[in-house]
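Inspection log for the structure reproduced underneath, given as structure tokens.
Read-outs: derived from the displayed coordinates by stated rules, not from any lab. Predicted model, so just to flag it, every value in this text is computed and none were measured. Because the Cβ atoms are built from the backbone with ideal geometry, glycine has one as well, and the counts that use them run over all protein chains shown.
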Amino acid sequence: MDNKRSTFTGKLGFVLAAAGSAVGLGNIWRFPYLAAQYGGGIFLLVYILLAVTFGFALMTAEIAIGRKTGLSAIGAFKVLNKKYTFIGYIASIVPMIILPYYCVIGGWVTKYLAAFISGSAQNAATDGYFGTFISSAGEPVIWFLIYAGLTAIAILLGVNKGVERVSKIMMPILVVLSLFIAIYSMFIPGAIKGVLYYITPDFSKFSVKTVLAAMGQLFYSMSLAMGIMITYGSYMKKDVNLESSVKQIELFDTGIAFLAGLMIIPAVFAFSGGDESALSAGPSLMFITLPKVFESMWGGTFIGILFFVLVLFAALTSSISLMETVVSIFCDKLNLNRKITCVFVLIGTILIGLLSCFGYSIWAEVKIIGMQMLDFFDFISNSVIMPIVAFLTAIFVGYVIKPKTLVEEVELSAAFKQKTLFTIVIKYIAPVCIVLILVSSVLSAFGIIKL
Ligand code: PHE
């Protein structure tokens, strides 16, 4: 069955498809608010260092595992060593946790697009607009349902490939538009302080928390530690250069995240009149800041509509990739019909996603280990389960199947230039660092230690 897998036609096809999954709300919504919150330049520096070491090694490992076995996560670990099938199972939990709240944020983007189209762009730029929106019990739910429905429909009708094709055209436009908005933002009066905050590392702001946040963000943004890149690898042809594909996906993903930060962070400084507490707005940062940027711009409503359309597409390709993964896990394991499974996954997504929606409104008082519901789901997936999966993958590759096995896979297409870096990160650096960071973050979340 598996040798019938269709493959991506060439390197460009592979890189664009993987980048389609990787580039999404993680880059545009999540990266800027974390960078703002965790000290700006120091976060950026830690993130880039992690991307070229951890990110590179892990993405190479996952894609190579997929290409070697021609299978998705659960099957792939099973074929390589039956005792370690459980890693595939743990990895599979991650998309199930992320998908529901991803659709909630996707709903916020849809709402902003609708507001801009219906001529409320100015309104959206006023203080309190976002707060009023998410704290109402009904509206966020409606947009969440619309967004989750769109994702499911794309899969049910099989138009997901079409969406991906459109997104390949949209993505380059997104890059150009982001560049334009970023340059504009940098020149808003008062923004220069924000540019400096974003690009100059302040080492006094360095902490274990910064590293943990950057690491979770790296996994999330590059769709790592959840089996997704293994699946993509399983569709990759043996003669496509694996190492340079990984580098291109990373560059693309990091480039968009960097630009998103540049669009948002300087503008936060410009519009808050130097009030640094605005930097810790968290998940709402992009929604509060960007409408103000568009409002101050000539033709801002049009630019805003274009921007939110592009972000919506980037988000949809990612949520489709998440939902596909969840649907195929259930289809394969329970031998169910795809369409029925898709409906069940949609229902499950809605039920769990509602918790995140209500966490901002009627259940605002409910806190789990001090966190709002959406933040809690985000924490469990990005700061707990993904580091565990990354750790287990590193141990598995480093000591069970041995890096050599994957190095050989990479070398099927071309010489592996950074094989020493790959081996050292996988065997030593990644396991040690992940354990240290993971343990300290969990202890601090439960208030046992203070970071
Ligand atoms: N990487 C995507 C983003 O940055 C999120 C995602 C994770 C998508 C896993 C698919 C799978 O938005």
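Which whole-percent values make up P(r) of the chain when all C-alpha to C-alpha distances are grouped in 10 Å steps starting at zero?
Histogram of Cα-Cα distances, whole percents per bin: 4, 22, 33, 27, 12, 2, 0.
With viscosity set to 1.567 mPa s and temperature to 4 °C, compute the Stokes-Einstein D of the range 136-216, Rh being the Kirkwood radius across alpha carbon pairs; µm²/s, no decimals.
75
Between residue 192 and residue 448, what length comes free when the chain is fully extended (0.36 nm per residue of separation minus the Cα-Cα distance, one decimal in nm)?
That pair, residue 192 and residue 448, stretches by 88.2 nm at full extension.
May I ask for the Kirkwood hydrodynamic radius of the range 179-247, worked out over all distinct Cα pairs and given in angstroms to one decimal?
Radius from the Kirkwood sum: 15.9 Å.
Calculate the length of the line joining the C-alpha centroid of the range 276-293 to that of the range 372-451, in whole Å.
What the calculation gives is 31 Å, centre to centre.
Tell me the net charge near residue 59. Cut-off is 11 Å between Cβ atoms, residue 59 excluded, with +1 for each Lys or Arg and -1 for each Asp or Glu.
Result for the neighbourhood of residue 59: -3.
Computed over the Cα atoms, what is the radius of gyration of the range 271-388 divided by 2.2 N^0.38 Å, N being its residue count?
Here the answer is 1.38, to two decimals.
Counting just the Cα atoms, what span does the range 77-165 cover along each of its three principal axes? Round to the nearest Å and put the largest first.
58, 29, 19
Quick one, what does Rg over Rh come out to for the range 69-228 if you take C-alpha atoms and the Kirkwood Rh?
1.03
Can you give the translational diffusion coefficient of the range 239-317 in µm²/s, computed by Stokes-Einstein from the Kirkwood radius over Cα pairs at 37 °C and 0.692 mPa s?
225
What is the angle, in °, between the Cα long axis of helix 242-272 and the longest principal axis of the Cα atoms in the chain? Nearest 10 is fine, range 0 to 90.
Value to nearest ten degrees: 20.
Nearest 0.05, what FRET efficiency do residue 384 and residue 412 give at R0 = 41 Å with Cβ-Cβ as r?
E between residue 384 and residue 412, to the nearest 0.05, is 0.70.
Cα atoms only: what Rg and Dmax, in Å, come out for the range 46-108?
14.7, 42
Once Rh for the range 372-451 is found with the Kirkwood sum over Cα pairs, what is the Stokes-Einstein diffusion coefficient at 37 °C and 0.692 mPa s, in µm²/s?
230
List the lysines whose Cα sits under 28 Å from the Cα of residue 367, skipping any in the same chain fewer than 8 residues away.
Result set, ordered by chain and number: 111, 205, 209, 450.
For the residue pair residue 83 and residue 365, what label-to-label distance in nm results when each label sits 7 Å from Cα along the Cα-to-beta-carbon direction?
According to this spin-label approximation, the distance is 5.2 nm.
Please give the calculated 222 nm ellipticity per residue for the chain, where each DSSP H segment of at least 4 residues contributes -39500 (n - 2.57) and the sum is spread over every residue; nearest 500 deg cm²/dmol?
Helices in the chain give a 222 nm mean residue ellipticity of -22500 deg cm²/dmol.
Taking the square root of 5 times each eigenvalue of the Cα gyration tensor, what semi-axes in Å does the equivalent ellipsoid of the range 325-388 have, largest first?
28, 16, 6
Using +1 at the C-beta of Lys and Arg and -1 at the C-beta of Asp and Glu, which of 41, 254, 277 has the Cα lying farthest in the positive direction of the dipole of the chain?
Highest projection toward the positive end goes to 254.
With a cap of 14 neighbouring Cβ atoms within 10 Å, and only residues DSSP puts in a loop, list the chymotrypsin sites (Phe, Trp or Tyr not before Pro) found in the range 157-240.
Taking the range 157-240 and a limit of 14 other Cβ atoms within 10 Å, the loop chymotrypsin sites (Phe, Trp or Tyr not before Pro) found are 187.
Figure the gain on full extension for residue 139 and residue 207 (residue separation times 0.36 nm, minus the Cα-Cα span) and round it to one decimal in nm.
In short, 20.7 nm is gained.
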